[in-house]
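The values are calculated or read from the model by the stated rules, or taken from the named source; none is laboratory data. The structure presented is a predicted model; accordingly, all values stated were derived computationally and were not measured. In this analysis, Cβ positions are derived from the backbone assuming ideal geometry, glycine residues included, and neighbour counts consider all displayed protein chains.
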Amino acid sequence: AAPAAAPATAASTPSAPYLASLTPVPRPAASAAPAAGGGTLSLQFKGDSWVDISGPDGATVEKALIKSGESRSFSPGQVARMVLGNASAVEVQQGGAIVDLSPYQRANVARFTVSSDGSVAPVSH
């Protein structure tokens, strides 16, 4: 039985680094504390809207049709770029303050980037 236990221990040893490598995944929850300081980006949908939201690595965070009455919230550094369809029906707040989307809007579609601290800026073409 002891030789069988040794391979089981050896097999479980490689999984420890995998668990350690997954530890950074919960970081957005850990960054909720700095978010309380004002960096959280919140979206309140007053009407149906489509969104195309990308992370800092360019990967899609969310691409969907979102129904009126729903909301989304993102920690600083979680998103890097947003495109909001039917933008007039979306209220964007950064750190609790409403963001005026009109500088980022054309034909009721808002396009903007989000810096690592959660502040909003125009998309550079």
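Note on the range 50-90: residues that are in a strand (DSSP E or B), out of contact with any Ser or Thr (no Cβ under 8 Å at 6 or more places or on another chain), farther than 14 Å from Thr113 by Cα and not aromatic (Phe, Trp, Tyr) total 3.
Residue by residue through the range 102-125, note down the ones that are among the acidic types (Asp, Glu) and either exposed (fewer than 13 other Cβ atoms within 10 Å of the Cβ) or over 15 Å from Ser42 (Cα atoms) (or both).
none
In the set (1) modelled with pLDDT of 95 or more; (2) in contact with an Asp or Glu (Cβ under 8 Å, 6 or more places away or on another chain); (3) within 17 Å of Asp117 (Cβ to Cβ), the condition left unmet by Gln44 is number (3). Residues in the range 91-105 that are part of a strand (DSSP E or B) and of a type in the set (D, E, K, R): Glu91 only. Listed by first and then second residue, the pairs with beta-carbon distance under 8 Å, at least 6 apart or on different chains, first residue in the range 96-112 and more than 14 Å from Ser49 (Cβ to Cβ), second among the acidic types (Asp, Glu) and in a strand (DSSP E or B), are Ile98/Glu91.
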